[in-house]
There are 2 protein chains.
Amino acid sequence: MSTYLTILGFNSAIPTINSSPTAQFLEMEERHFLIDCGEGTQVQMRKAKVRFSKINHIFISHLHGDHCFGLPGLVASFRLLGRKTPLHIYGPKGIKKMMDTIFEITETYKGFDVVYHELDKKVSEKIYEDKRVEVFTIPLNHRIYCNGYLFREKPKERHLNMKEIARYKEIEICDFQNLRSGKDFICEDETIIENAILTTDPKPSVSYAFCSDTKYKEDIIPIIRNVDVLYHESTFLNNLKEMADYTGHSTALEAATIAKKANVGKLILGHFSNRYSDLSVMTDEARQVFPNTFLPKALETVKIG
Amino acid sequence: MSTYLTILGFNSAIPTINSSPTAQFLEMEERHFLIDCGEGTQVQMRKAKVRFSKINHIFISHLHGDHCFGLPGLVASFRLLGRKTPLHIYGPKGIKKMMDTIFEITETYKGFDVVYHELDKKVSEKIYEDKRVEVFTIPLNHRIYCNGYLFREKPKERHLNMKEIARYKEIEICDFQNLRSGKDFICEDETIIENAILTTDPKPSVSYAFCSDTKYKEDIIPIIRNVDVLYHESTFLNNLKEMADYTGHSTALEAATIAKKANVGKLILGHFSNRYSDLSVMTDEARQVFPNTFLPKALETVKIG
């Protein structure tokens, strides 16, 4: 039950023959999340062998076409594939009206519920939670209302150290859950056996932050601090910083600065302007500030944590 | 100035790794028409080296996703590429509302005019005309309002036979246009010189009919009679005729029957159900009725006429 990230597409604005607009597939604790859905995402999902039926939650950062124009087709395909389970779509206010209008005019009868979670807050909020995973918004600063998303495994239960536990006859099976949750054991004679003796550390909880599209925004640092992997857009190199500011985007240097200040484990860049054919210039610039920076590889699945 | 057809995609319903939904590019007398625009069409256009700036007229048969979900992205790309010239979109009533809603919510400012020509008539009508080409609707019978389109070169001017003309001193340059348009020459002594002596036949005018999606519908035969090439959908084989009727589609046998009764030059099938992996079964069935039947080849450009 590890966490895996598959970047389905990462280019900006116009789809080309060899690159697809933004979309990512995140598998965390057996939950399957789709993040953004540019045109052609469903074909990229097929190439990456993502099972359509596994996707129950889709997170859309913002309503520019290169991040959402694949959504109507994907939902229509879900229906054609006989889906019955509800689909949850998280995205900016307006996404429901857009999708409802499209489906009404194209007479796309879905046969399953689409539950829209429309977002309009300017502060980070928890928008998804279950027993093992939680998802928070990361308010970004783009030309249009835009959120990144933080995906975080909840703290895991401690592992029982059965060899140690066996030494204490008083500890019974009904006590195990308390031990797993980190509590000390108190004997009948009120002796305390510290939890650290009876259990071992769990596997660390993994976190992933997705940040596209945004100007340089230091406000996000407290939200994404210490994440294992940060995806941060870097549409331009820093010699086009004015262009980046004007269009609401970041430079590779800025993405790396955010990564460094937030003390993340690894930085993946993306959303590059089509003007760059050799993308190594992006990592060259970013690594001056944050060495553990990488380019995305479309359709490659990487383990997080 | 010949006529060329490039089929960009021809599968039905769900895009797959190796096939794209319906879209065609027709070049007729230096006009450049896009017909239908399923998801991913703009990438198929790039693969086929279609110049985006050449497209001024898009014809959408019907508002099912596999025929129109590529349209918002294509128009957005036109804008990003700096388009200034107006774009004409022909399609069923509702297309303007759908596109306007999408562009309003995604804040896609176009920078050029999009002129919608919304269709709702149940009889064939001429919807486009210029000096050399005309386009007519072909009302079809699908689950939703749907038109095919007939593209026809206008009759061309006759060629001057200069060797013969030189024999008649009375014929001057100012008479040439009358001769090209087929008129006889009347001498001063009222002798008539027949046009057939002074000119030769022009290149025949070419016509192409696109018919997708539809049940078997004999009413279309007078509209498409004698076209050089007919594209007619054949979603199913005839052993699934009930399924074809129920879903508003045709079988290969039915497409061939239409082609035969309309005396067309060549039939291209398409819009196949994903259940068929070996598509030769489609031509095997159709050729029993209409031998000059072919499968489409994605991205291949064929000369018409």
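Before we go on, tell me the buried accessible area for the B/A pair, both chains summed, 1.4 Å probe, in Å² to the nearest 100.
Summed over both sides, the interface buries about 2900 Å².
Could you check the spin-label model distance between B:Asp113 and A:Val123? Points 7 Å from the Cα along Cα→Cβ, value in nm.
Distance between the two pseudo-spin positions: 4.9 nm.
So how do A:229-236, A:177-184 stack up, highest first, on mean other-Cβ count within 10 Å?
Packing order, densest peptide first, comes out as A:229-236, A:177-184.
Which percent of the accessible area of chain A is formed by carbon and sulfur heavy atoms (probe 1.4 angstrom)?
Solvent-exposed carbon and sulfur of chain A make up 50 percent of the total.
Classify the stretch B:159-200 from the C-alpha gyration tensor, please: rounded if a/c falls under 1.5, else prolate or oblate depending on whether a/b exceeds b/c.
It is rounded, given that a/c, with a ≥ b ≥ c, falls under 1.5.
Can you give the accessible area of B:Ile7, probe radius 1.4 Å, in Å² rounded to 10?
10
For chain B, what does the helix formula give at 222 nm: sum of -39500 (n - 2.57) over DSSP H segments with n ≥ 4, over the residue count, nearest 500 deg cm²/dmol?
Calculated at 222 nm, the ellipticity per residue is -6000 deg cm²/dmol.
Principal axis extents for chain A, Cα atoms only, whole Å, descending order, please.
71, 52, 34
Please average, across the residues of B:37-47, the number of beta carbons from any other chain that are within 10 Å of each residue's own beta carbon, and give a whole number.
Per residue, the average neighbour count from other chains is 4.
How big is the dipole moment of the stretch A:198-305 about its Cα centre under a simple scheme where the beta carbon of each Lys and Arg is +1, that of each Asp and Glu is -1, and everything else is neutral? Debye, nearest 20, please.
So the magnitude is around 260 debye.
Between the stretch B:226-240 and the stretch B:1-65, how far is it from one alpha carbon centroid to the other, in angstrom?
What the calculation gives is 18 Å, centre to centre.
Distances from A:Asn141 to the same residue in each other copy, label points 7 Å out along Cα→Cβ, in nm, shortest first?
6.2
By how many nm would the segment from B:Thr16 to B:Met243 grow when fully extended, if each residue of separation counts as 0.36 nm and the alpha-carbon distance is taken off?
So the chain would gain 79.5 nm between B:Thr16 and B:Met243.
At 7 angstrom along the Cα-to-beta-carbon line, where would the label on B:His159 sit relative to the other copies? Give the distances in nm, shortest first.
Spacings between copies for this position, smallest first, are 8.7 nm.
Averaged over B:98-111, how many beta carbons belonging to a partner chain fall within 10 Å of each residue's beta carbon?
5
Taking B:Lys121 as the anchor, which lysines have their alpha carbon closer than 19 Å to its alpha carbon, excluding any fewer than eight residues away along the same chain?
Filter leaves B:Lys93, B:Lys96, B:Lys97, B:Lys215, B:Lys217.
At a probe radius of 1.4 Å, what is the per-residue accessible area of B:Lys156, in Å² to the nearest 10?
50
Whole Å is fine, so just give me how far the alpha carbon centre of the stretch A:258-275 lies from that of the stretch B:149-177.
That distance is 68 Å.
Pairs of alpha-carbon atoms within less than 8 angstrom and 6+ residues apart define the contacts here; what relative contact order does the stretch B:95-242 have, in percent?
21
Every other copy gets compared here: list the nm distances from the A:Arg287 label point (7 Å along Cα to Cβ) to its counterparts, shortest first, one decimal.
5.8
Determine the shape class of the protein assembly as shown: with a ≥ b ≥ c the square roots of the Cα gyration tensor eigenvalues, call it rounded for a/c under 1.5, and otherwise prolate if a/b is greater than b/c, oblate otherwise.
Judged from the Cα gyration tensor, the protein assembly as shown comes out prolate (a/c at least 1.5, a/b above b/c).
Considering only protein heavy atoms, with the full assembly of protein chains and a 1.4 angstrom probe, order A:Thr301, A:Thr16 by accessible area, largest first.
A:Thr301, A:Thr16
Per 0.36 nm of contour for each residue apart, how much would the distance between B:Ala166 and B:Glu190 grow if the chain were fully extended, relative to their Cα-Cα spacing?
Contour length minus the Cα-Cα distance gives 6.8 nm.
Rank by packing, highest mean first: peptides B:266-273, A:148-155, with packing defined as the count of other Cβ atoms within 10 Å averaged across residues.
In decreasing order of mean packing, B:266-273, A:148-155 become B:266-273, A:148-155.
Give the average, rounded to an integer, of partner chain Cβ atoms located within 10 angstrom of each Cβ in A:8-14.
2
Enter the accessible area per residue of the protein assembly as shown (Å², integer; probe 1.4 Å; all protein chains in place).
Accessible area per residue: 45 Å².
Between the DSSP loop rule and a limit of at most 14 other Cβ atoms within 10 Å, which GluC sites (Glu not before Pro) in the stretch A:6-63 are left?
In loop regions of the stretch A:6-63 (DSSP not H, G, I, E or B), the sparsely surrounded GluC sites (Glu not before Pro) are A:Glu30.
For the stretch B:159-200, what is the relative contact order in percent, using Cα pairs closer than 8 Å and at least 6 residues apart in sequence?
Value for the stretch B:159-200: 48 percent.
Residues with beta-carbon under 15 Å from that of A:Ile17, excluding A:Ile17: net charge, scoring Lys, Arg +1 and Asp, Glu -1?
Counting the neighbours of A:Ile17, the net charge comes to +4.
The values are calculated or read from the model by the stated rules, or taken from the named source; none is laboratory data. Being a predicted model, the structure only gives us computed values, none of them experimental. Cβ coordinates were reconstructed from backbone atoms using ideal geometry, including for glycine residues, and neighbour counts include every protein chain displayed. Keep in mind that these areas ignore ligands, DNA and RNA; they rest on the heavy atoms of the full protein, side chains included. Shrake-Rupley method; radii C 1.70, N 1.55, O 1.52, S 1.80 Å.
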